[in-house]
Amino acid sequence: MKLDILAFGAHPDDVELGCGGTLAKHAALGYKIGIVDLTPSQLSTRGTVENRAIEAENAAKALGITVRENLGMQDGFFENNHENKMKLVEVIRKYQPEIIFATAPDDRHPDHGRASQMVKEANFLAGLHKIETPGLEPWRAKSVYYYIQFKHFEPDFLVDITGFVEQKMESLKAYASQFYDANSTEPQTVIASKEFMELINGRHAVFGAMGMSKNAEGFISEFKIVADNLFDLHHG
């Protein structure tokens, strides 16, 4: 199945937190969207791998995602090596996305920055004809953009997600083991605090204000964004 957008996360919930509203909006517009998680979050403080997989599927349904896969790499210890890059090359060639979203290039969790670099390199390699993947033709996405996670970055561009924030938050609620639950008896974590969800909504508002809209998600681009037509650009 050819996809329009393929979003990579180091862990299930990365994509939803970073660009869930953008994915929901584009799914509603008729674009085919996929998510690929690199690890099943074996080291997560809360919940289990088995339960996290169910939560991930429910979150994908909430966003209207077409396909979701997990590559089963080792949480916390996966390396940017030949074996793992080839897994990404195969996925990119399989789904032939026009746009790729990747984790932040630097973040609180070291997996995020490592995954970011690996996705970038794999997208380039996926376009090389001398790398053979039986049954899969070379393919390189036109653009790789990085969603913003725990650390703050000045975004290179914004996507207005007004009207899709509730859908994004529903996808996060699917991860009941990970986020705020007043009745939970599991260990407290940064993302499980009530304040963390308030931070997410606050970021929507801050990015929205930067673009003169109510809510937005921000993205980083390695290259300058070029418009074919000035009327494609707008400020609120």
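The values are calculated or read from the model by the stated rules, or taken from the named source; none is laboratory data. Computed from a predicted structure; not experimentally measured. Virtual Cβ from ideal backbone geometry, glycine too; neighbours counted across all protein chains shown. For accessibility, only protein heavy atoms count, side chains too; no ligands or nucleic acids. Shrake-Rupley method; radii C 1.70, N 1.55, O 1.52, S 1.80 Å.
Test His129 against the criterion of being farther than 13 Å from Leu38 by Cα and either out of contact with any helix residue (DSSP H, G or I) (no Cβ under 6 Å at 6 or more places or on another chain) or open to solvent by 20 Å² or more (accessible area, probe 1.4 Å) (or both), and give yes or no.
Numbers: farther than 13 Å from Leu38 by Cα: yes; either out of contact with any helix residue (DSSP H, G or I) (no Cβ under 6 Å at 6 or more places or on another chain) or open to solvent by 20 Å² or more (accessible area, probe 1.4 Å) (or both): yes.
When the stated conditions are applied, His129 passes them.
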**Asked** Restricting attention to the stretch 211-230, which residues are at pLDDT 95 or above, open to solvent by less than 90 Å² (accessible area, probe 1.4 Å) and not small (Gly, Ala, Ser)?
**Response** Asn215, Glu217, Phe219, Ile220
**Prompt:** Taking the stretch 112-157, which residues are in a helix (DSSP H, G or I) and either within 23 Å of Glu195 (Cβ to Cβ) or without any contact (Cβ under 8 Å) to a residue 24 or more places away in the chain (or both)?
**Reply:** His112, Gly113, Phe124
**Fill in**
Val190 fails exactly one of (1) assigned to a loop (DSSP other than H, G, I, E, B); (2) touching a strand residue (DSSP E or B) at 6+ places or on another chain (Cβ under 7 Å), namely (2)
**Asked** Any residue at all in the stretch 111-128 that is under 21 Å from Tyr175 (Cα atoms) and in contact with a Lys or Arg (Cβ under 7 Å, 6 or more places away or on another chain)?
**Response** no
**Complete:** Listed by range, strands (runs of 3 or more DSSP E) wholly within the stretch 1-108 having at least 1 residues that are surrounded by fewer than 18 Cβ atoms within 10 Å (Cβ to Cβ), at pLDDT 95 or above and of a type outside the set (Gly, Ala, Ser) are 67-70, 99-102
**Request:** Could you check, for the stretch 69-89, whether at least one of its residues is over 30 Å from Ile225 (Cβ atoms) and touching a Phe, Trp or Tyr at 6+ places or on another chain (Cβ under 7 Å)?
**Result:** no
